[in-house]
Amino acid sequence: MTSQPGDAERDEPQSRMKIAAIGDLHVRDDEPPSWRTLFEEMSRAADVLVLAGDLTDLGKPRQAELLAEELRGCLVPVVAVLGNHDHECNAAEEVTTILRESGMKVLDGQSVEIGGVSFVGVKGFAGGFGRGMLSSFGEPAIKAMVAESMNEAMRLENAMRKVRPGRTLVVLHYAPIPDTIKGEPLEIYPFLGSSRLAETIDRFPVNAVVHGHAHVGVYEGRTPGGVPVYNVAKFIEKPSGRPYALLEI
Ligand SMILES: [Fe+2]
Ligand SMILES: [Fe+2]
């Protein structure tokens, strides 16, 4: 059976979950860690903390350890996806292991259910938007890039298929729509996300989507199917007036 985005609203129970979401922490190992107070604040404000990738600045295991230490002050579950920066040192597996051992739910094509809400996470990839999307034509390098973009969308689809009906938040690093990256140079739009992610999201009942990666952009947009999308990169101005977004689903 194919569900429509509106189904999520109709199924919505009365008690809503508060989610604090932020992307692009870019934790470094060459400066004093400074996240603990913010994490404590977020965990007081919400039931779940969501981190939308670029958790570390260079994907160094030491940076992941520092993030895990800073998160000790967080009293609520933490759900995350990795970003492109977390892959820079070719140590993404080790970074993931360190973060998972700290208790973080690092999603890479999986979902986790917390308090009746399903969190579905995948990093996503570049590729461009709408008619400007890169197509699989020409050199093998171009085809490999398009294949990676399609693969991430497929992994999101596979994860969505296993989710129980109910409230769902999709967590990405790359943007699924161009609306929330407005303000970035047009020349780099194709490297900030892919419409293939939005096409997949619109085939399922999803309450909301969060992403990061575009450090400049607009907080809120919608997929062509009407699902709310939030750019929660820490640099984006948000209605909360804080570096993190506060969502209720
Ligand atoms: Fe970033
Ligand atoms: Fe990024």
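The values are calculated or read from the model by the stated rules, or taken from the named source; none is laboratory data. No experiment lies behind these values; they were computed from the predicted model shown. Using ideal geometry, Cβ is built from the backbone for each residue, glycine included, and neighbour counts are taken over all protein chains shown. For accessibility, only protein heavy atoms count, side chains too; no ligands or nucleic acids. Shrake-Rupley method; radii C 1.70, N 1.55, O 1.52, S 1.80 Å.
Counting only residues that are of a type in the set (D, E, K, R) and outside any loop (DSSP other than H, G, I, E, B), which one in the range 105-128 is nearest to ligand 2 (Cβ to nearest atom)? Full working, then the answer.
At the first step, the residues of the range 105-128 found to be of a type in the set (D, E, K, R) are 105, 108, 113, 123.
Filter again for outside any loop (DSSP other than H, G, I, E, B), leaving 105, 113.
Details: LYS105: 20, GLU113: 27 Å.
Taking the candidates together, the pick is LYS105.
Taking the conditions exactly as written (under 29 Å from ARG167 (Cα atoms), more than 15 Å from ligand 2 (Cβ to nearest atom), open to solvent by less than 30 Å² (accessible area, probe 1.4 Å) and of a type outside the set (D, E, K, R)), does SER102 satisfy them or not?
So SER102 fails the test.
Considering only the range 128-167, state which residues are in contact with a Lys or Arg (Cβ under 8 Å, 6 or more places away or on another chain) and small (Gly, Ala, Ser). First the steps, then the outcome.
Going through the range 128-167, the residues in contact with a Lys or Arg (Cβ under 8 Å, 6 or more places away or on another chain) turn out to be 133, 136-137, 149-150, 152-153, 157, 160.
Within the range 128-167, SER136, SER149, ALA153 qualify.
Every residue in the range 58-73 that is within 12 Å of ligand 1 (Cβ to nearest atom) and either open to solvent by 10 Å² or more (accessible area, probe 1.4 Å) or within 12 Å of ILE22 (Cβ to Cβ) (or both), please. Can you show your working first?
Residues of the range 58-73 that are within 12 Å of ligand 1 (Cβ to nearest atom), as a first pass: 58-59.
LEU58, the sole residue that qualifies.
Would you mention how many residues in the range 74-91 are modelled with pLDDT under 95 and either open to solvent by 50 Å² or more (accessible area, probe 1.4 Å) or aromatic (Phe, Trp, Tyr) (or both)?
Going through the range 74-91 one residue at a time, the tally reaches 1.
Counting just the residues of the range 172-184 that are of a type outside the set (S, T, N, Q) and within 15 Å of ligand 1 (Cβ to nearest atom), which one comes out most open to solvent (accessible area, probe 1.4 Å)?
GLY183
Select, from LEU82, LEU49, the only residue that is of a type outside the set (Phe, Trp, Tyr), within 16 Å of ligand 1 (Cβ to nearest atom) and closer than 19 Å to ILE19 by Cα.
Working: LEU49 fails: within 16 Å of ligand 1 (Cβ to nearest atom).
The conditions single out LEU82.
Just give me the residues in the range 34-57 being open to solvent by 70 Å² or more (accessible area, probe 1.4 Å) and not in a helix (DSSP H, G or I), in sequence order.
The answer is SER34, ASP47.
Residues that are under 21 Å from ALA159 (Cα atoms) and part of a loop (DSSP other than H, G, I, E, B): does the range 83-100 have at least one?
yes
I need a count of the residues in the range 205-249 that are assigned to a loop (DSSP other than H, G, I, E, B), within 16 Å of ligand 2 (Cβ to nearest atom), open to solvent by less than 60 Å² (accessible area, probe 1.4 Å) and of a type in the set (Val, Ile, Thr).
Number of matching residues: 2.
Which residue is farthest from ligand 2 (Cβ to nearest atom), if the candidates are limited to the range 186-200 and must be in contact (Cβ under 8 Å) with a residue 12 or more places away in the chain and of a type in the set (D, E, K, R)?
GLU199
In this structure, is GLU94 open to solvent by less than 70 Å² (accessible area, probe 1.4 Å), in contact with a helix residue (DSSP H, G or I) (Cβ under 6 Å, 6 or more places away or on another chain) and either more than 15 Å from ligand 1 (Cβ to nearest atom) or of a type outside the set (Lys, Arg) (or both)? Talk me through it step by step, then tell me what you get.
Working: open to solvent by less than 70 Å² (accessible area, probe 1.4 Å): no; in contact with a helix residue (DSSP H, G or I) (Cβ under 6 Å, 6 or more places away or on another chain): yes; either more than 15 Å from ligand 1 (Cβ to nearest atom) or of a type outside the set (Lys, Arg) (or both): yes.
So GLU94 fails the test.
If we scan the range 174-185, do we find a residue that is within 23 Å of VAL79 (Cα to Cα), touching a residue at least 24 places away in the same chain (Cβ under 8 Å) and assigned to a strand (DSSP E or B)?
Checked the range 174-185: at least one residue is within 23 Å of VAL79 (Cα to Cα), touching a residue at least 24 places away in the same chain (Cβ under 8 Å) and assigned to a strand (DSSP E or B).
Assess whether GLU139 counts as being surrounded by fewer than 21 Cβ atoms within 10 Å (Cβ to Cβ) and touching a Gly at 6+ places or on another chain (Cβ under 9 Å).
On the way: surrounded by fewer than 21 Cβ atoms within 10 Å (Cβ to Cβ): yes; touching a Gly at 6+ places or on another chain (Cβ under 9 Å): no.
In short, no.
Evaluate the range 188-204: report whether one residue or more is over 19 Å from LEU82 (Cβ atoms), open to solvent by 30 Å² or more (accessible area, probe 1.4 Å) and within 16 Å of ligand 1 (Cβ to nearest atom).
Yes, the range 188-204 has at least one match.
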